[in-house]
1. The range 216-336: Rg/Rh from Cα coordinates, Kirkwood Rh?
2. If you scale each eigenvalue of the Cα gyration tensor by 5 and take the root, what three semi-axes come out for the chain, rounded to whole angstrom and sorted largest first?
3. Taking the Cα centre of each part, how many Å lie between the range 1-58 and the range 299-314?
4. For each pair in Lys11/Lys320; Lys207/Lys227; Lys261/Lys298; Lys227/Lys312, compute the distance between the two Cα atoms and list the pairs where it is over 21 Å.
5. What order do you get for 282-295, 173-186, 77-90 when each peptide is scored by the mean count of other beta carbon atoms within 10 Å, highest first?
6. Find, to one decimal place in angstroms, the Kirkwood hydrodynamic radius of the range 118-271, where the mean of 1/r is taken over every pair of different Cα atoms and then inverted.
7. Whole-Hz ³J(HN,Hα) for each residue in the range 282-297, computed from phi via Karplus 6.51 cos²θ - 1.76 cosθ + 1.60 with θ = phi - 60°, x for glycine and proline: what do you get?
8. Residues of the range 182-336: accessible area per residue at 1.4 Å, in Å²?
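The values are calculated or read from the model by the stated rules, or taken from the named source; none is laboratory data. The shown structure was predicted, so the numbers you read here are calculated from the model rather than taken from an experiment. Ideal geometry is used to build each Cβ from the backbone, glycine not excepted, and the neighbour counts take in all protein chains shown. We work out accessible area using only protein heavy atoms, side chains counted, and drop any ligands, DNA or RNA first. Shrake-Rupley method; radii C 1.70, N 1.55, O 1.52, S 1.80 Å.
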Amino acid sequence: MPWKGEKDPYKIWLSEIILQQTRVEQGLAYYNRFITQFPTVQKLAKAPETTVFKLWEGLGYYTRCKNLIATAKYITGDLKGKFPDKYEDILALKGIGPYTAAAIGSFAFNLPHAVVDGNVFRVLSRVFGISTPIDSADGKKQFTHLANELLDKKQPGIYNQALMDLGATICKPQQPLCNSCPLKINCSAYSQGTIELLPIKEKSITKKTRWFYYFIIEHNNSVLVRKRGAKDIWENLYEFVLIENDKILPLENIKALKEIKKIFGKTAFEIIQISKPYKQLLTHQTIHGQFIKIKVAKQVLVSGYESVTHKKMNTLPFPKFITGYLKDKNVSLNLL
């Protein structure tokens with residue numbers, strides 16, 4: 001990976017933020033695009049926010065991108081472009097927690113702080129036979145303390161990377177390669193046959209289900225869109241006219257729906273297409289929905305939405321739920 005052995009704190013920070021909640025295989029392409037377009041923190045800070053969000057499009061967890069922009073501006077403005085080199089100062093940056101601060105500190109500045117990510121939790125839990133849930137307050141405290149006790153204080157960066165890589169490539173969640181593991185002789189879980197049982201988590205996530213119905217209302221080669229607001233998923237991303245419901249809407253009789261009458265009133269409209277159902281799994285939510293393409297002879301005014309050309313629309317960042325539909329080979333749209 002291009003960030004392995006990297007000493008530039010900006011590039012390390014960028015890679016760590018991208019890889020939060022993202023697989024390396026997916027994050028690599030985004031990292032390369034960001035570094036190409038924004039080679040320095042100053043370039044990132046000066047870029048229009050819409051441009052940054054568009055480049056982030058598809059990565060999900062968009063609060064990461066929002067914090068990325070805010071921190072870049074803070075470093076460029078308040079810190080005169082100098083990335084902080086003390087753990088506490090790195091930790092104080094927006095969007096950075098103990099794990100990311102330890103990663104940046106040890107990799108860029110050789111600071112003696114252990115990186116405790118999912119891979120490290122798994123290795124330590126198995127090697128030492130620890131059954132304390134890793135997602136509990138006690139567990140996080142116990143594992144963090146142990147990780148710092150084991151840390152090679154003279155070479156924290158190399159040690160942290162080695163332990164993380166061991167968890168990622170050998171001590172994997174399923175089907176770990178125990179016969180290739182250098183810690184096999186000292187591994188409690190291996191000797192006791194409890195590898196598949198560790199680590200332990202105590203919390204189960206309760207998901208809620210939401211139904212999103214998007215109406216792509218076209219008039220004179222323009223479409224109605226809006227930017228999503230705060231305190232909900234996909235903040236700062238754009239979307240088409242949305243009707244959210246707590247259950248499936250009967251689309252076989254769209255024009256009779258009261259929600260539709262609120263949008264169009266007496267304005268005549270033509271239904272061009274109703275998409276297949278789409279679904280996206282988020283950490284705490286499951287989003288179901290469909291897209292309804294509509295043409296109107298007279299512009300419809302919907303509060304909070306603006307009319308943009310197709311060309312303009314292609315520069316705006318949309319959530320994966322929408323881009324997945326627009327890129328679907330079965331969708332016959334003139335929007336891309």
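1. 0.93
2. 45, 25, 16
3. That distance is 30 Å.
4. Among Lys11/Lys320; Lys207/Lys227; Lys261/Lys298; Lys227/Lys312, the Cα-Cα distance tops 21 Å for Lys11/Lys320; Lys207/Lys227.
5. Descending packing order for the listed peptides: 282-295, 77-90, 173-186.
6. Result for the range 118-271, one decimal place: 20.5 Å.
7. Here the 3J(HN,Hα) series is 10, 4, 10, 9, 10, 9, 10, x, 9, 10, 10, 8, 9, 10, 10, 7 Hz.
8. 59
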